[in-house]
1. Any residue in the range 71-83 that's over 11 Å from VAL36 (Cα atoms): show its pairings with residues that are surrounded by 14 or more Cβ atoms within 10 Å (Cβ to Cβ) and not polar (S, T, N, Q) at Cβ separation under 9 Å, as long as the two are six or more apart or on different chains.
2. Among the residues of the range 21-33, is there at least one that is modelled with pLDDT under 80 and under 10 Å from the mean Cα position of the chain (by Cα)?
Amino acid sequence: MSSIIGWLIIGLLAGGLSGLIVGVRSVRGCLPTIVVGILGAIVGGWLVEQMGLGQGEGFVGAVIVATLGGVVIRVVLRSLERS
């Protein structure tokens, strides 16, 4: 149960931070922000692994990696909004 709460907290933080960086208006509210953050963690983890940087360790590392992935997801969403 605590791991689910951890994923939700990291997802909310990463989704919110990526929203501040990119500024996409299509994703509003807690649930969509959490979803972007959790998907961002998956994408960010894959990107960091492909770049050979290893996984982020600890809470701060997880938030940074998830925020990186969240930014990528929001940029893709922004490009889909305009088309």
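The values are calculated or read from the model by the stated rules, or taken from the named source; none is laboratory data. Nothing here was measured: the structure is a model prediction, and the numbers come from that model. A quick note on method: Cβ atoms are made from the backbone with ideal geometry, for glycine too, and the neighbour counts reach across all protein chains shown.
1. VAL75/VAL22; VAL75/VAL24; ARG78/VAL22; ARG78/VAL24; GLU81/VAL24
2. Taking every residue of the range 21-33 in turn, at least one turns out to be modelled with pLDDT under 80 and under 10 Å from the mean Cα position of the chain (by Cα).
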